[in-house]
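Read the structure below first, then the notes.
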Amino acid sequence: MYVELNAPDTGNAVTEAMLDELLAVVAVPDPEVRVLVLSAAGDDFSLGGDRAEFADWLAEDPGGRGIRVAGEKARRVCEALSGSRAVTIARVQGKAVGAGFALALACDLRVGAENASFRLPELALGLPTAWGGLLPRLIHEVGAARVRELILTGRAFEAAEAQALSVLQRVVPENELDQAVRAWAKPVARRPEAALRVTKALLNSYAAATRMADPSFLDAELMASVAAAGRRTPPRTPAPDTSHS
């Protein structure tokens, strides 16, 4: 089964409408589906959340209600991808930024084109890295020290580094992405359904057991609270320079 992010004119920016469409598919999956492939149209996987929609939410309700609602949907989408009884595969080309990064990381297997790149720009935008349970999963898969550097600097990193960090498990030329997806999907689809379902549940359970905490249910509240606080706080005016040469 293929699910495609299909808004290439906006770089597949993640909107509330897109989250609703994803929920309709991934939250109630067909029990006969063994493999779910998350792909994207256009040059980039996803440039992240829609900033215009984010600003509209704050304008409509400075307390951040719209952000909370969308953030809860984001958590449910990512949990559905990671917790699905089907094996989920992310097919990544171009840029995967912020929310797009989170959607890809929520999948069990991730293959990227050689031109793939990843970035977490939230801190530079005045926001916490709190979307869809990204942070605990990233720390678990990559390691706290490396994640700390990626988040605090907000730097982009390319496919080769992403593979070294386990953000991607495989990197191929872009024209071989579909072939790589099929190479994973074909044997998985032949596995007995009960054994596959239980094995995935075990993998998720053991992974969760190694985390000291997973407060991802707070992501929407944290994002909304910080965004609302930032809107209320006037920009700082630099103090006059009183030094003398």
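The values are calculated or read from the model by the stated rules, or taken from the named source; none is laboratory data. None of these values were measured; they are calculated from a predicted model. Neighbour counts run over all protein chains shown; Cβ positions are idealised from the backbone, glycine included. The protein model used for the area step is the full one, side chains on, heavy atoms only, and it has no ligands, DNA or RNA in it. Shrake-Rupley method; radii C 1.70, N 1.55, O 1.52, S 1.80 Å.
Data overview
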{"item": "Residue in the range 176-186 that is open to solvent by less than 50 Å² (accessible area, probe 1.4 Å), closer than 22 Å to GLN93 by Cβ and assigned to a strand (DSSP E or B) present", "result": "no"}
{"item": "Search result, residues across the range 1-41 that are small (Gly, Ala, Ser) and part of a strand (DSSP E or B)", "result": "SER39, ALA40"}
{"item": "Which listed residue, of ALA74, ALA90, is at pLDDT 95 or above and either closer than 23 Å to PRO8 by Cα or in contact with a helix residue (DSSP H, G or I) (Cβ under 6 Å, 6 or more places away or on another chain) (or both)", "result": "ALA90"}
{"item": "Members of the range 34-60 found to be loosely packed, with under 15 Cβ neighbours inside 10 Å and modelled with pLDDT under 95, listed by number", "result": "ARG51, ALA52, ALA55, ASP56, ALA59, GLU60"}
{"item": "Among the candidates ALA96, ALA113, residue that is at pLDDT 95 or above, in contact with a helix residue (DSSP H, G or I) (Cβ under 9 Å, 6 or more places away or on another chain) and surrounded by fewer than 24 Cβ atoms within 10 Å (Cβ to Cβ)", "result": "ALA113"}
{"item": "Residues within the range 1-15 that are closer than 19 Å to ARG51 by Cβ and open to solvent by 40 Å² or more (accessible area, probe 1.4 Å), tallied", "result": "3"}
{"item": "Candidates GLY42, GLY100, GLY83, GLY71, filtered to the one that is at positive phi and in contact (Cβ under 8 Å) with a residue 40 or more places away in the chain", "result": "GLY42"}
{"item": "Residues (modelled with pLDDT of 85 or more and β-branched (Val, Ile, Thr)) located in the range 61-71", "result": "VAL69"}
{"item": "Residue in the range 193-214 that is among the acidic types (Asp, Glu), at pLDDT below 90 and either within 24 Å of ARG34 (Cβ to Cβ) or surrounded by fewer than 17 Cβ atoms within 10 Å (Cβ to Cβ) (or both) present", "result": "yes"}
{"item": "Filter result for the condition that a residue is buried (at least 17 other Cβ atoms within 10 Å of the Cβ), in contact with a Phe, Trp or Tyr (Cβ under 7 Å, 6 or more places away or on another chain) and within 19 Å of LEU120 (Cβ to Cβ), over ILE89, ILE67", "result": "ILE67"}
{"item": "Failed criterion for ARG170 (all others in (1) loosely packed, with under 15 Cβ neighbours inside 10 Å; (2) in contact with a Gly (Cβ under 8 Å, 6 or more places away or on another chain) hold)", "result": "(1)"}
